[in-house]
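*Asks:* Handing you this structure, nothing more for now.
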Amino acid sequence: MDCFFCTDEYKDYYQFITELKESIVLLNNEQTYEGRCALVTRKHATELFELEPQALSTYMAEVAQVARAVKEVFRADKINYYICGDIDQHLHMHIVPKYKGGCEWGQAFLMGGHEVFLSGKEYDELVEKIRAALSIP
């Protein structure tokens, strides 16, 4: 089975934001949670423990860096972090901004229900906001 993230298949579901040392940062096309991103490991792995200690440390620092940027840009009350990978077995973590009184506040992030898709221009604007918060040209 070809890996979803090791092929170009993922490009139908995500907008490219940037590449960091250990991860590729992508904006999810589905934007029920405005600013929801995923950090995909550059090296194929399926579990956190498969990463070398330094790569794991760097990857988690990148998760924190992107989460901070998303929280600031979208003024989230809380960031949820989500790793599953039952189907797309390439290590990636979703960064999910959540809001008091908003969708699924106080509940697990289920990625279901009402779906929000944007125009190309709207995706571009979100990508640029996140890049600016990450200080990436």
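*Asks:* In degrees from 0 to 90, rounded to the nearest 10, what is the angle of the helix 120-133 Cα long axis to the longest principal axis of the chain?
*Replies:* That helix lies at roughly 70 degrees to the long axis.
*Asks:* Let me ask another. How many nm separate the modelled label positions at S57 and E72, each set 7 Å beyond the Cα in the direction of the Cβ?
*Replies:* 2.4 nm
*Asks:* What number does the chain give for Rg over Rh if you use C-alpha atoms and the Kirkwood radius?
*Replies:* 0.94
*Asks:* Summing +1 for each Lys or Arg and -1 for each Asp or Glu, what net charge is found among the other residues whose Cβ lies under 12 Å from the Cβ of E52?
*Replies:* Details: positive: K43; negative: E22, E50.
Net of charged neighbours comes to -1.
*Asks:* Fewest to most neighbouring Cβ within 10 Å: what's the order for T7, T41? The partial results should precede the final answer.
*Replies:* Working: T7 10, T41 22.
Least crowded to most crowded, the residues run T7, T41.
*Asks:* Also, I was wondering about something else. Using only Cα atoms and rounding to the nearest 10 degrees, what angle (0 to 90) does helix 53-74 make with the longest principal axis of the chain?
*Replies:* Approximately 10 degrees, to the nearest 10.
*Asks:* I've got another one for you. Tally Lys/Arg at +1 and Asp/Glu at -1 over every other residue whose Cβ is under 14 Å from the Cβ of G106; what's the total?
*Replies:* On the way: positive: K78, K98, K100; negative: D77, E104.
Spelling it out: positives minus negatives among the neighbours equals +1.
*Asks:* Report, in deg cm²/dmol and to the nearest 500, the calculated mean residue ellipticity at 222 nm for the chain, where each DSSP H run with n ≥ 4 adds -39500 (n - 2.57) and the sum is divided by the residue count. Mind showing how you got there, number by number?
*Replies:* Values: 2 runs with 36 residues, N = 137.
It lands at -9000 deg cm²/dmol.
*Asks:* Now a separate question. Quick check: net charge around P97, other residues with Cβ under 13 Å of its Cβ, Lys/Arg +1 and Asp/Glu -1?
*Replies:* Numbers: positive: R36, R68, K71, R75, K78, K98, K100, K129; negative: E34, E72, D77, E104.
Its environment carries a net charge of +4.
*Asks:* Unpartnered cysteines of the chain (Cβ-Cβ under 4.7 Å counts as a partner)?
*Replies:* C37, C84, C103
Every read-out reported here was derived from the displayed coordinates using simple, explicitly stated rules and does not represent laboratory data. None of the values given here were measured: they were computed from a predicted structure. Glycine also receives a Cβ, built like all others from the backbone with ideal geometry; neighbour counts cover every protein chain displayed.
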